[in-house]
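Quick notes on the structure that follows.
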Amino acid sequence: AQRVTQPEKLLSVFKGAPVELKCNYSYSGSPELFWYVQYSRQRLQLLLRHISRESIKGFTADLNKGETSFHLKKPFAQEEDSAMYYCALQAGAGSYQLTFGKGTKLSVIP
Amino acid sequence: SQTIHQWPATLVQPVGSPLSLECTVEGTSNPNLYWYRQAAGRGLQLLFYSVGIGQISSEVPQNLSASRPQDRQFILSSKKLLLSDSGFYLCAWSLPGTGRRYEQYFGPGTRLTVT
């Protein structure tokens, strides 16, 4: 069975500092990885997916199959980045199931 | 545009009582529908998903059941609630077909407390 681990429950950084939210996964096949975000008083929403290799709101994430990681990074944190971030794994494109990590709360200190 | 509704927002129920949570989607046809639960200190866990009317798949054995009586309506039920059913329940939808199942749109959630 697949598993997603986000080792940090809470991450506090100063505005302008780099951010790295860690995500590790275990899955024997070829996974698809995603980051979801939930801002205060908003709904959980998709932030980005590994296959598109895109940058959303300045965030990027690279899938490292050797280290089974999918860390979310941003070079300069902004106050509006404060939110709950969830890493999610889809066990193959045909799967309906998303396996979520427990989430990391990012707090950007002004 | 598409919208997903869930109600009620909060619910307090005694052990042994029945449960019915409702989720409806507007603005799309034949969506894939999902029920998730988030228990305290745990991640989101997929409970059920549905690819069409009357088609329900369960991911984990449990005290709950789901039904899809109409294309855009998804109901989560229990005949007798347990204390362990307490948690935050989220409904979500994704576009039909195989291409974008990963892109799920979530409702506001229902906070259930079983006492």
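The values are calculated or read from the model by the stated rules, or taken from the named source; none is laboratory data. Please read all numbers here as calculations on a predicted model, not as lab measurements. Methodologically, a virtual Cβ is constructed for each residue, glycine included, from the backbone with ideal geometry; neighbour enumeration extends over all protein chains shown. Accessible surface is based on the protein model in full, side chains and every heavy atom, while ligands, DNA and RNA are left aside. Shrake-Rupley method; radii C 1.70, N 1.55, O 1.52, S 1.80 Å.
With the requirement that a residue be open to solvent by 40 Å² or more (accessible area, probe 1.4 Å) and free of Cβ contacts under 8 Å to residues at least 40 places away in the same chain, what does the range B:36-45 give you?
B:41, B:42, B:45
Can you tell me which residue among B:48, B:88 is of a type in the set (Phe, Trp, Tyr) and open to solvent by 30 Å² or more (accessible area, probe 1.4 Å)? Show your work before the answer.
Numbers: B:48 fails: open to solvent by 30 Å² or more (accessible area, probe 1.4 Å).
Within the list B:48, B:88, the selection yields B:88.
Please give the number of the condition residue B:4 fails out of (1) of a type in the set (Val, Ile, Thr); (2) in contact (Cβ under 8 Å) with a residue 24 or more places away in the chain; (3) within 23 Å of residue A:1 (Cα to Cα).
With (1) of a type in the set (Val, Ile, Thr); (2) in contact (Cβ under 8 Å) with a residue 24 or more places away in the chain; (3) within 23 Å of residue A:1 (Cα to Cα) applied to residue B:4, the lone miss is (3).
For the range A:1-103, please list each of the strands (runs of 3 or more DSSP E) lying entirely inside it that holds at least 1 residues being modelled with pLDDT under 95 and within 13 Å of chain B (Cβ to nearest Cβ).
Output list reads A:3-5, A:32-38, A:45-49, A:83-90, A:98-100.
Search the range B:18-30 for residues being touching a strand residue (DSSP E or B) at 6+ places or on another chain (Cβ under 8 Å) and in a loop (DSSP other than H, G, I, E, B), and hand back the single one that is farthest from the other protein chains (Cβ to nearest Cβ).
My answer is B:18.
In this structure, does residue B:101 turn out to be open to solvent by less than 40 Å² (accessible area, probe 1.4 Å), in contact with a strand residue (DSSP E or B) (Cβ under 9 Å, 6 or more places away or on another chain) and part of a strand (DSSP E or B)?
no
Give the number of residues within the range B:36-56 that are touching a strand residue (DSSP E or B) at 6+ places or on another chain (Cβ under 6 Å), more than 21 Å from residue B:110 (Cα to Cα) and assigned to a strand (DSSP E or B).
Matching residues across the range B:36-56 total 1.
If residue B:7 meets every condition in (1) more than 13 Å from chain A (Cβ to nearest Cβ); (2) among the hydrophobic types (A, V, I, L, M, F, W, C); (3) open to solvent by 40 Å² or more (accessible area, probe 1.4 Å); (4) under 21 Å from residue B:103 (Cα atoms) apart from one, which number is that one?
Among (1) more than 13 Å from chain A (Cβ to nearest Cβ); (2) among the hydrophobic types (A, V, I, L, M, F, W, C); (3) open to solvent by 40 Å² or more (accessible area, probe 1.4 Å); (4) under 21 Å from residue B:103 (Cα atoms), residue B:7 violates only (4).
Scan the range B:18-29 for residues that are out of contact with any helix residue (DSSP H, G or I) (no Cβ under 9 Å at 6 or more places or on another chain), in contact (Cβ under 8 Å) with a residue 60 or more places away in the chain and surrounded by 13 or more Cβ atoms within 10 Å (Cβ to Cβ) and jot them down.
Of all residues in the range B:18-29, those out of contact with any helix residue (DSSP H, G or I) (no Cβ under 9 Å at 6 or more places or on another chain) come to B:18, B:20-29.
Now restrict to residues that are in contact (Cβ under 8 Å) with a residue 60 or more places away in the chain: B:18, B:21, B:23, B:25, B:28-29.
The answer is B:21, B:23, B:25, B:28.
Condition (residue is free of Cβ contacts under 8 Å to residues at least 12 places away in the same chain, more than 11 Å from residue A:86 (Cα to Cα) and surrounded by fewer than 18 Cβ atoms within 10 Å (Cβ to Cβ)) applied to the range A:5-23: is it met by at least one residue?
no
Quick check on this structure: which one of B:81, B:112, B:76, B:33 is part of a loop (DSSP other than H, G, I, E, B) and either surrounded by 20 or more Cβ atoms within 10 Å (Cβ to Cβ) or in contact with a Ser or Thr (Cβ under 6 Å, 6 or more places away or on another chain) (or both)?
B:81
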